[in-house]
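The values are calculated or read from the model by the stated rules, or taken from the named source; none is laboratory data. As the structure is a prediction and not an experimental result, all values here were calculated from the model. For neighbour counting, all protein chains shown are included, and Cβ atoms are generated from backbone atoms with ideal geometry for every residue, glycine included.
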Amino acid sequence: MRGTTFARLPGEIAAIAANRDVVVASVVGGDTHVLDRTSGWLVRVLVGEWASQIVIDADALHLVSGARGAVTSFALADGAKRPSSLVDEVHSIRRWSSATESGFVHARRLLPALTYDRTLEQLASFGLRRRLDAFDVRGTTVVAAYADGMRRAGPVRVFDCLTGKKRRASVEGHTAPVLTVCLDEAGLVTGGLDATLRAYDAGFDFVRSARLPGGDYARRVIVDPESPRVLHVVAPQAVLRLDRDTLEVIDRVPVESGYAAFHADAQGRFVGVGREVIALDVAPAKHTLRDGTEVPDVSASYERDGFFDKDAQGWCATYVTVQQHGARVSVRELYDENGSTRSQTTREGRIDRVEGDVVHLEMDSGPPLRFDLTTRTLSR
């Protein structure tokens, strides 16, 4: 499961989602980046918006983030913020769909989950007033795993998302909290803090279990859309690919940070490891300058001219971020005075030429800039 670096971002990646046109990746505590799926170049940055979960729905982008589980929505075409009637305290979002209708299920922390139709009108509520550790939806069936308050294995219950009625009392088995559930037409797979996976058939009868290597535990399980007999497992130390029938590990991508993100659809698979988005299937296209030189990667994020100011009683510095989309670049400079933004400027331009390790940037306004590929910083 090796791939090609699709994009590098200025921070650890918390979440990834994609459709046929774009890849959306969010940086921990930072910004959300919308990337062209063909080239890997930047389309736009949603400044100050980051998410632990990203949902793309037609022409809308929904981000779940913040201590309150706030949901923010944007137009995918231009990044304009959209009003949202979605509640706070959201733990996670999934889609439901029937033969004629579709909508969302929002699991909430310490509150019953809510079901919405396509227009975000509320349909039903269901579940317990207890922390919901994980859930998944197939059709109109929801499987939800709840904590028991003592961090032991909690109940896994099955509901109808349109009526809120419980269909099955519990699916037992794990000896520690269930952290992820994955529901598809073949059945159910659950992963727990006990470092095991458990597979159930379509009737929720137990089939088999397996222990993940090295004591790793599954934070998320995804069925491969192109190969339904393959499971992808996001764990703290690796992203794994497993055989669905045997639950044996086929391949793994190591994770060297506390964050890892994964997305899989019919067009390809992406892993977010550290600051890199890795394409496991198709490498992004290469862009060239007018002289045929390949467009270099000038994306960067760094601190400049930092110092301690006794009047501000803290650290002051200018933070520089360079983003690019093909040969186009965006340079943002933000002056921060001990946690307070005092000034911010953004300039647009393009890569003009490359001379050795120096990339010359022609800006739309103001003087040109130079980017040093060795130090990965700007100068005039």
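Which members of segment 333-343 meet the condition of being surrounded by fewer than 17 Cβ atoms within 10 Å (Cβ to Cβ) and either closer than 18 Å to Pro10 by Cα or charged (D, E, K, R) (or both)? Passing the criteria: Glu333, Leu334, Tyr335, Glu337, Arg342. Using the structure shown, decide if Ser39 is part of a loop (DSSP other than H, G, I, E, B) and closer than 27 Å to Pro112 by Cβ. So Ser39 does not fit the description; no. Of all the criteria given as (1) over 18 Å from Val64 (Cβ atoms); (2) surrounded by 13 or more Cβ atoms within 10 Å (Cβ to Cβ); (3) in contact with a Gly (Cβ under 8 Å, 6 or more places away or on another chain), the one not satisfied by Ser98 is (2). So is Val320 in a strand (DSSP E or B), in contact with a His (Cβ under 9 Å, 6 or more places away or on another chain) and either surrounded by fewer than 19 Cβ atoms within 10 Å (Cβ to Cβ) or of a type in the set (A, V, I, L, M, F, W, C) (or both) or not? Considered against the rule, which asks whether it is in a strand (DSSP E or B), in contact with a His (Cβ under 9 Å, 6 or more places away or on another chain) and either surrounded by fewer than 19 Cβ atoms within 10 Å (Cβ to Cβ) or of a type in the set (A, V, I, L, M, F, W, C) (or both), Val320 comes out as no.
Whenever a residue of segment 1-20 is closer than 15 Å to Leu42 by Cβ, its partners that are in a loop (DSSP other than H, G, I, E, B) and aliphatic (A, V, I, L, M), lying with C-beta atoms within less than 8 angstrom and at least six residues away or across chains, give the pairs Phe6/Ala283; Gly11/Val28; Ile13/Val28.
Scanning segment 298-357 for residues that are of a type in the set (Asp, Glu) and within 19 Å of Gly30 (Cα to Cα), we see that the one that is farthest from the chain's Cα centre (by Cα) is Glu337.
Within the bounds of segment 238-256, is there any residue that is modelled with pLDDT under 85, loosely packed, with under 14 Cβ neighbours inside 10 Å and over 30 Å from His360 (Cβ atoms)? Taking every residue of segment 238-256 in turn, at least one turns out to be modelled with pLDDT under 85, loosely packed, with under 14 Cβ neighbours inside 10 Å and over 30 Å from His360 (Cβ atoms).
When you go through Ala153, Ala199 one by one, which is the residue that is touching a strand residue (DSSP E or B) at 6+ places or on another chain (Cβ under 6 Å), aliphatic (A, V, I, L, M) and in contact (Cβ under 8 Å) with a residue 24 or more places away in the chain?
So the residue among Ala153, Ala199 that is touching a strand residue (DSSP E or B) at 6+ places or on another chain (Cβ under 6 Å), aliphatic (A, V, I, L, M) and in contact (Cβ under 8 Å) with a residue 24 or more places away in the chain is Ala199.
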